[in-house]
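Asker: Mind looking over this structure? Questions follow.
The values are calculated or read from the model by the stated rules, or taken from the named source; none is laboratory data. Keep in mind that this is a model prediction, so the values were computed, not measured. Note that we place each Cβ from the backbone using ideal geometry, even for glycine, and neighbour counts take in every protein chain shown.
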Amino acid sequence: MPDIVISEFMDQDAVDAVSQRYEVVYDAGLVDRPEELAGLLAEARALVVRNRTQVTAALLEAAPQLKVVGRLGVGLDNIDTAACKARGVAVCPATGANDLAVAEWVIASAMLLFRLAFSARAQVIDGLWPRGACMGRETAGKALGLVGFGNIAKETARLARALGMRVLAYDPYVPADDPAWAGAQRFESLTALLAASDAVSLHVPLTDSTRHLIDAAAIAAMKPGAILLNAARGGVVDEDALVGALRSGALGGAALDVYEHEPLTQEYGQRFAGLDNLILTPHIGGVTVESNERVSKLTMENVVRVLEEGA
Ligand code: NAD
């Protein structure tokens, strides 16, 4: 039976390195075969997951020897952290290792949406040459409103400033005297931030207090024609309200990397059909070739540290 079970994709070099010292089962399809996963955990001391494997109290029951859950990323909403704590199971996110990837996704999406650069492909192919409809806006000088001012938001702010954007942020949990505010204008009200921003980017965890934080009322507070970027968690945005605002033209565009229900089914995806001002990606904001290597290496270092400390 394995010491370490890995249930979602990761960098093969990191798997190979740890396999020299531990019995490892690496099967990126295990996330979709929960009963098999539970069976493999009978004697395992470490479980490594991304964001899809549901680490529930029931799964922990099936893993009596478990010492550590390594998270290939940072959001912990798929892990019952209270149940882990109660059983003495350490939970180790790969903090910092994919911040740059998410920040670049935000900036690239914002630039494409401001510039209307992605919408003309079919018309150009059809020989329609839509120059007037494609006259977009520049990114420099625009106000980027960050909801949440943690690690990824700060990295996004760094890139935005380099492009000449003005950075605004709302995060009531970052004290007013935190040196990080030197790079951003601090807002004490979410509504005021939304009203002042040309682009709003979300960087909060999904919790009871952030679920549907961006609902119809919040969208109505945004500037007409502003854009919304969500590479945080799907449940933070009320998707029905967002789709309505895009269809009515109240918002200028949006980019979504995360969804209320993942992975999207074909049926569920139809709610977004026909919206030209919407960029959709399959939860890859934090996943690049480079970040996959960094995240995988850091996760395995975290897991091995716990296993060796506990040996
Ligand atoms: P972080 O913990 O460093 O920052 C989160 C910030 O949100 C904290 O500063 C916290 O004070 C703030 N916050 C919490 N509740 C808030 C509220 N109600 N209003 C305003 N601010 C609030 O986390 P991070 O590393 O910056 O990651 C942010 C989120 O991005 C993660 O929780 C995860 O869900 C998501 N994420 C997505 C991807 C992806 O691939 N799309 C990759 C990595 C992380």
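Asker: Just for the range 149-188: of the residues that are assigned to a loop (DSSP other than H, G, I, E, B) and touching a strand residue (DSSP E or B) at 6+ places or on another chain (Cβ under 7 Å), which one is surrounded by the fewest Cβ atoms within 10 Å (Cβ to Cβ)? First the steps, then the outcome.
Answerer: The first filter runs over the range 149-188 and keeps only residues assigned to a loop (DSSP other than H, G, I, E, B), leaving 149-150, 163-165, 171-178, 184, 188.
Adding the requirement that they be touching a strand residue (DSSP E or B) at 6+ places or on another chain (Cβ under 7 Å) leaves 149, 165, 176, 184.
Numbers: Phe149: 27, Met165: 21, Ala176: 8, Ala184: 23.
Step by step, filter the range 149-188, then rank; the result is Ala176.
Asker: Scan the range 209-256 for residues that are polar (S, T, N, Q) and crowded, with 21+ Cβ neighbours inside 10 Å and jot them down.
Answerer: Keep residues of the range 209-256 that are polar (S, T, N, Q), which gives 209-210, 230, 248.
Answer for the range 209-256, where residues must be polar (S, T, N, Q) and crowded, with 21+ Cβ neighbours inside 10 Å: just Asn230.
Asker: Take the residues in the range 126-148 that are more than 20 Å from Val74 (Cα to Cα) and assigned to a strand (DSSP E or B), then tell me which one is farthest from the ligand (Cβ to nearest atom).
Answerer: The first filter runs over the range 126-148 and keeps only residues more than 20 Å from Val74 (Cα to Cα), leaving 126-145.
Cutting the leftovers down to assigned to a strand (DSSP E or B) gives us 143-145.
Details: Ala143: 17, Leu144: 15, Gly145: 11 Å.
Within the range 126-148, the match that is farthest from the ligand (Cβ to nearest atom) is Ala143.
Asker: Among the numbered criteria (1) in a helix (DSSP H, G or I); (2) within 16 Å of the ligand (Cβ to nearest atom); (3) in contact with an Asp or Glu (Cβ under 8 Å, 6 or more places away or on another chain); (4) more than 24 Å from Ala221 (Cβ to Cβ), which one does His283 miss?
Answerer: (1)
Asker: Here is a further query. Output the residues belonging to the range 280-294 that are of a type outside the set (S, T, N, Q), surrounded by 17 or more Cβ atoms within 10 Å (Cβ to Cβ) and either closer than 19 Å to Pro263 by Cβ or without any contact (Cβ under 8 Å) to a residue 40 or more places away in the chain (or both).
Answerer: Narrowing the range 280-294 to residues of a type outside the set (S, T, N, Q): 280, 282-287, 289-290, 293-294.
Now narrow it down to the ones that are surrounded by 17 or more Cβ atoms within 10 Å (Cβ to Cβ): 283, 285-287, 294.
His283, Gly285, Gly286, Val287 - these are the residues of the range 280-294 that are of a type outside the set (S, T, N, Q), surrounded by 17 or more Cβ atoms within 10 Å (Cβ to Cβ) and either closer than 19 Å to Pro263 by Cβ or without any contact (Cβ under 8 Å) to a residue 40 or more places away in the chain (or both).
Asker: Could you look through the range 66-93, keep only residues that are surrounded by 16 or more Cβ atoms within 10 Å (Cβ to Cβ), in a loop (DSSP other than H, G, I, E, B) and near the ligand (Cβ under 9 Å from one of its atoms), and pick out the one that is modelled with the lowest pLDDT?
Answerer: Gly75
Asker: Do we find a residue being within 23 Å of Arg115 (Cβ to Cβ), within 14 Å of the ligand (Cβ to nearest atom), in contact with a Ser or Thr (Cβ under 9 Å, 6 or more places away or on another chain) and modelled with pLDDT of 95 or more anywhere in the range 209-227?
Answerer: No: zero hits.
Asker: Now for a different question. Among the candidates Pro205, Pro175, which residue alone is without any contact (Cβ under 8 Å) to a residue 24 or more places away in the chain and either within 16 Å of the ligand (Cβ to nearest atom) or more than 24 Å from Arg115 (Cβ to Cβ) (or both)? Step through it out loud before you land on a result.
Answerer: Numbers: Pro205 fails: without any contact (Cβ under 8 Å) to a residue 24 or more places away in the chain.
Exactly one of Pro205, Pro175 is without any contact (Cβ under 8 Å) to a residue 24 or more places away in the chain and either within 16 Å of the ligand (Cβ to nearest atom) or more than 24 Å from Arg115 (Cβ to Cβ) (or both), namely Pro175.
Asker: Only one residue in Phe149, Phe118 is more than 15 Å from the chain's Cα centre (by Cα) and closer than 22 Å to Asp257 by Cβ. Which one?
Answerer: Just a single option satisfies the conditions, and that option is Phe118.
Asker: Please list, ordered by first then second residue, the pairs with beta carbon atoms under 6 Å, 6 or more apart or interchain, first in the range 32-45 and part of a helix (DSSP H, G or I), second of a type in the set (Ser, Thr, Tyr).
Answerer: Short answer, once both residue conditions are applied: Leu37/Ser7.
Residues checked against (1) assigned to a helix (DSSP H, G or I); (2) in contact with an Asp or Glu (Cβ under 7 Å, 6 or more places away or on another chain); (3) more than 28 Å from Thr288 (Cβ to Cβ); (4) not aromatic (Phe, Trp, Tyr):
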position	(1), (2), (3), (4)
Ala195	yes, no, yes, yes
Ser201	no, no, no, yes
Ser209	no, no, yes, yes
Ala220	yes, no, yes, yes
Leu228	no, no, no, yes
Ala232	no, no, no, yes
Asp240	yes, no, yes, yes
Gly244	yes, no, yes, yes
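Asker: Any chance you could count how many residues in the range 257-279 are surrounded by fewer than 17 Cβ atoms within 10 Å (Cβ to Cβ) and either among the polar types (S, T, N, Q) or not assigned by TED's automatic domain parsing to the domain that holds Gly244 (or both)?
Answerer: Looking only at that region, the number is 3.
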